[in-house]
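Below is one structure; the comments refer to it alone.
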Amino acid sequence: MKKRFCILLLCLTCVFSFTVQPIKAEEYQREGVWIINVSEPAELNKDANLDSDKTSELETGVYMSYERHNNFYKVEADGEEQWLYKYPYVEVKEIVDMNNDSLTLYMDKELYSDPFDEDEYKNGATLPQGQYRITQKAFDWLYIDDGTYQGWFEAELGQAVFDNTIGEYADPEIEGVAYKTQIINYSDNRRPGYTMIPKYITIHNTANKNEGSDAQRHADLQSNPNNKTVSSWHFTVDDHQIIQSMPLNEIAYHAGDGMSTGNGDSIAIEICENSDGDFNKAFDNTVQLVAHLLADLHLDIDAVKMHRDWSGKNCPNVIIGEDRWDEFLTKIQEAYDDLIIPESPVVGWYQAVDGYWYYYNEDGTMAVSKWIASGANWFYMDGKGRMGTNLWIATTEGRWYYVDGEGKMVYNQSVDGCWINSYGIYRSPLWQG
C-alpha cells in the first residue's frame, strides 16, 4: 500500500504538554531535481499561488521539476512551464546524485522504473541482497545501474545501510560536554530506517522555553511510544549534555521540506532554550558538536544550514532573533580548525582527526592546491590542504592527472576508459604515448 507520510514542520507537542511558540514561515524557493508522481489529474496554475489563473489540467503520470516555490513545483505541460501544487495525490521526491557509494542490502527488493511503489512501475526484476554501488537517491528510494541490475528500490527499517557511515558516537563526552545515546525504536512517524549519507547539518531551536525542557526531556519525547507526532531529530543539546536519538546514517523528519534534501540528507540538531537553562552554554556546546561532526563526516562549514534554508520556517528562532548565525558559523570554523591543525609545529605529513592527510611545509604552512613529491610518488593537496584520493585533477594547461585510493599519481594505465601515460598525463581515451 502506498505510503503517504505527512512530513510536517517540526513541532514538539502533546506528550509533555509543551507550550510551543509559533514560528513564522517565510517565502521559500529553491532549485533542485524533483520527480513527481501525479495519481489523479491535477490543476495547474499560472503562478506559484492557488489564487492565480488556472491554466490546464495535468494528466496522471510521472513528471520532473527543477524549481520549487513554497509547495509549488514548476513543470512543463503543453509546451510551457506552469506551477503544480502539492495536493495529497501529488507525491514529490527530490533526486540527489550519489558518488557510486557502496551500500549493503540485507533483503531482496523489487525494482521499479520510477521511485514510487505502484504496480505499474515494477520492472519485473528483483535485486538480491548483497553489496551494490548506488548512483542516485530519492529520499527513501535508491537507484542502481551496474550493467546487471537497473532500477529503483525502496529500503526501510534498516533493510539497507551505506557502507563506511557512522551510526553512533562511542565517546562519553565531546570536548568536555557529557554525551550519551538514547536511540529511538523504528516507527513510521519518527524512525522509518531509511539510509542516508549525511551531506548537511541542520540547526534548530526547540521553540520551547518551559522550565525543565532540557535535552533529556526532549530525548524522552522522541523515545515515548505514545508520541504519534511526525517529527524526529538526531541530537538534542542543552547547557550540560548532548543526547543522540537517531543514527547519523538514517533519515529524520525535521526540515519541513517533505521528501527533499533537508529531511533526506541532513543531520538535525535541536538546541534547547528552556528558561531555567543557559542558552549561551547550549550554543557553545552545539558549536563543539558540529565541529566534530564536520571532521568525522568530511564536511565543510558550508554544509551547516538553518531549518529556514529548507522550508522558510523562522528557525533556529533564537539564533536568528539575536542575529547570531554568523557568530555561530565563525565559532564552528574556529573549533574545527583547532581539531585538525596540529598543536605543535609539524613539517611533513600529518593525519588530522578528520581522517585526511595534510602536508606542512618547512616554514610551518600547510600545502594547499599543489603537488607534493614524497618518496617515489606524487600526491595532490586540494584547496583545503587535504590529500586527494580516487580523484581526477585538471591543470591550467589542460592536462589531467589521476590519484588512486592511496593518493598516489597513477602511470601507464587506463582509468575510466582514459589512458594515462608514463608521465601521469591523460591525453585522450585509449591513446598510448
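Select, from 271, 267, the only residue that is within 30 Å of residue 71 (Cβ to Cβ) and in contact with a Pro (Cβ under 6 Å, 6 or more places away or on another chain). First the steps, then the outcome.
Numbers: 271 fails: in contact with a Pro (Cβ under 6 Å, 6 or more places away or on another chain).
Answer to the check: 267.
For residue 232, the criteria (1) touching a residue at least 60 places away in the same chain (Cβ under 8 Å); (2) surrounded by 22 or more Cβ atoms within 10 Å (Cβ to Cβ); (3) over 19 Å from residue 318 (Cα atoms) hold in every case but one, which is (1). The residue that is surrounded by the fewest Cβ atoms within 10 Å (Cβ to Cβ), counting only those in the range 111-145 that are of a type in the set (Phe, Trp, Tyr) and in contact with a helix residue (DSSP H, G or I) (Cβ under 9 Å, 6 or more places away or on another chain), is 112.
Go through the range 136-154 and give me each residue that's among the polar types (S, T, N, Q) and farther than 12 Å from residue 97 by Cα.
Of the range 136-154, the ones among the polar types (S, T, N, Q) are 136, 148, 150.
Of everything in the range 136-154, those that are among the polar types (S, T, N, Q) and farther than 12 Å from residue 97 by Cα turn out to be 148, 150.
With respect to the conditions (1) touching a strand residue (DSSP E or B) at 6+ places or on another chain (Cβ under 9 Å); (2) surrounded by fewer than 22 Cβ atoms within 10 Å (Cβ to Cβ); (3) not hydrophobic (A, V, I, L, M, F, W, C), residue 298 lacks only one, and its number is (1). Candidates 188, 239: the one that is at pLDDT 95 or above and of a type outside the set (A, V, I, L, M) is 239.
Restricting to the range 229-246, name every residue that is part of a loop (DSSP other than H, G, I, E, B) and either closer than 17 Å to residue 256 by Cα or β-branched (Val, Ile, Thr) (or both).
Result: 229, 230, 231, 232, 233, 234.
In the range 120-135, the residues that are over 17 Å from residue 103 (Cβ atoms) and modelled with pLDDT of 95 or more reach residues that are in a strand (DSSP E or B) and open to solvent by 80 Å² or more (accessible area, probe 1.4 Å) with C-beta atoms within less than 7 angstrom, at least six apart or across chains, in these pairs: 122/110.
I need the full set of residues from the range 315-327 which are outside any helix (DSSP H, G or I) and either modelled with pLDDT under 95 or crowded, with 21+ Cβ neighbours inside 10 Å (or both), in order please.
Our first condition is that a residue be outside any helix (DSSP H, G or I); within the range 315-327, this holds for 315-316, 322-324.
Scanning the range 315-327 gives 315, 316.
Answer with yes or no whether residue 207 is open to solvent by less than 10 Å² (accessible area, probe 1.4 Å) and without any contact (Cβ under 8 Å) to a residue 60 or more places away in the chain. When the stated conditions are applied, residue 207 does not pass them.
Considering only residues that are of a type in the set (Asp, Glu) and more than 22 Å from residue 116 (Cα to Cα), look in the range 35-51 and name the one that is most open to solvent (accessible area, probe 1.4 Å). Please lay out each step first, then the result.
At the first step, the residues of the range 35-51 found to be of a type in the set (Asp, Glu) are 40, 43, 47, 51.
Imposing the further condition that a residue be more than 22 Å from residue 116 (Cα to Cα) reduces the set to 47, 51.
Details: 47: 80, 51: 141 Å².
The extreme case among them is 51.
Considering only the range 31-46, how many residues are within 28 Å of the chain's Cα centre (by Cα) and either of a type in the set (Gly, Ala, Ser) or not in a strand (DSSP E or B) (or both)? So the count comes out to 1. Restricting the range 403-433 to residues that are within 27 Å of the chain's Cα centre (by Cα) and open to solvent by less than 60 Å² (accessible area, probe 1.4 Å), the residue that is modelled with the lowest pLDDT is 405. Counted as qualifying within the range 52-110 are the strands (runs of 3 or more DSSP E) with 1 or more residues that are surrounded by fewer than 16 Cβ atoms within 10 Å (Cβ to Cβ), within 25 Å of the chain's Cα centre (by Cα) and in contact (Cβ under 8 Å) with a residue 60 or more places away in the chain, namely 96-105. Listed by first and then second residue, the pairs with beta-carbon distance under 9 Å, at least 6 apart or on different chains, first residue in the range 400-412 and touching a residue at least 40 places away in the same chain (Cβ under 8 Å), second open to solvent by 20 Å² or more (accessible area, probe 1.4 Å) and aliphatic (A, V, I, L, M), are 407/387; 407/391. Of the strands (runs of 3 or more DSSP E) lying entirely inside the range 130-216, those carrying at least 3 residues that are farther than 28 Å from residue 325 by Cα are 130-138, 141-145, 150-154, 160-162. Scanning the range 381-402 for residues that are loosely packed, with under 15 Cβ neighbours inside 10 Å and either at positive phi or of a type in the set (Gly, Ala, Ser) (or both) yields 383, 390, 394, 398. Of everything listed in (1) surrounded by 16 or more Cβ atoms within 10 Å (Cβ to Cβ); (2) at pLDDT 90 or above, the single unmet condition for residue 369 is (1). Does residue 352 qualify as being open to solvent by less than 60 Å² (accessible area, probe 1.4 Å), touching a residue at least 24 places away in the same chain (Cβ under 8 Å) and under 22 Å from residue 300 (Cα atoms)? In short, yes.
The helices (runs of 4 or more DSSP H) falling completely within the range 254-314 that include 2 or more residues that are closer than 30 Å to residue 351 by Cβ and in contact (Cβ under 8 Å) with a residue 24 or more places away in the chain map to 279-297.
The values are calculated or read from the model by the stated rules, or taken from the named source; none is laboratory data. Just so we're clear, the structure is a prediction, and the values are computed from it rather than from any experiment. Cβ sites come from the backbone with ideal geometry, for glycine too, and all protein chains shown count toward neighbours. The protein model used for the area step is the full one, side chains on, heavy atoms only, and it has no ligands, DNA or RNA in it. Shrake-Rupley method; radii C 1.70, N 1.55, O 1.52, S 1.80 Å.
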